[in-house]
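As C-alpha cells, the structure follows; a few thoughts come after it.
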Amino acid sequence: MGHDSLRFWPRRCRLTSPGCGHIIESEIEIGRTSRVSQETRIHPLESFEKASRLGPSVVIQGELSAAEDLFIQGQVKGKIDFPHSDILIDEQGRVEAEIHVRNIIIRGEVHGNIAASGKITIEKSGRMRGDIAASVISIEDGAQFRGSIKIRGKT
C-alpha cells in the first residue's frame with residue numbers, strides 16, 4: 001500500500017575511488033527491513049514540473065534560498081540554501097556554490113560542497129567536484145566525482 005520493502009543483508013562494504021585515495025566503509029545492519037514510501041522518492045519528470053526554473057540563459061551570483069523545488073539549466077555562483085526542497089541541475093546547468101538541500105540530482109556540473117538531509121544523486125552525465133554528505137548517495141556509472149563522501153544517519 002504505497003510502500004516497498006527493502007531487505008538489507010549482513011555485509012561490510014568497502015568502496016575506493018581511483019585517483020583520490022578515499023576509502024568508505026559502511027556496516028549494514030543484519031536482517032533489518034526498511035520501508036520507503038512512494039512520496040519520499042524523487043521522480044524528476046513529475047516533481048520538477050511545478051519547480052522554479054532557472055533557464056539556460058540565466059546567470060545568478062549571490063545567495064539563493066527558498067522553500068520550493070528548483071530546476072537549474074543556467075549558471076549559479078554563490079550559496080544555495082534549500083534545506084526543505086529538492087534541486088535538479090540539468091545537463092546544461094553549471095553551479096559553483098555551497099549547497100544545503102533536502103534532495104539533489106546532478107546531471108550537469110557542480111563545484112562546491114553539498115549537504116543533503118535526504119539523497120544526493122549524480123547521474124551519468126553529472127560532474128561533481130567537492131565534498132558530499134547525505135544519508136543516501138547514488139553515483140551512476142559514467143558520472144565524474146572528485147571529493148569526499150560522508151554518509152549521515154537519517155535525521
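Values in this text are rule-based calculations from the coordinates and carry no lab data. Not measured: the values here are computed from a predicted model. Note that each Cβ is placed from the backbone with ideal geometry, even for glycine, and that neighbours are counted across all protein chains shown.
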inquiry  = Scan region 141-153 and tell me whether some residue there is of a type in the set (D, E, K, R) and within 10 Å of the chain's Cα centre (by Cα).
reply    = no
message = Cβ-Cβ distance below 6 Å, separation of 6 or more or different chains: which pairs start in region 47-59 with a residue that is touching a residue at least 40 places away in the same chain (Cβ under 8 Å) and end on one that is assigned to a strand (DSSP E or B)?
response = PHE48/PHE71; PHE48/LEU88
request  = Can you give me the number of residues within region 46-99 that are over 24 Å from LYS124 (Cα atoms) and acidic (Asp, Glu)?
outcome  = 3
Top-ranked residue in region 49-89 [being surrounded by 12 or more Cβ atoms within 10 Å (Cβ to Cβ) and of a type in the set (Ser, Thr, Tyr); ranked as nearest to the chain's Cα centre (by Cα)] = SER85
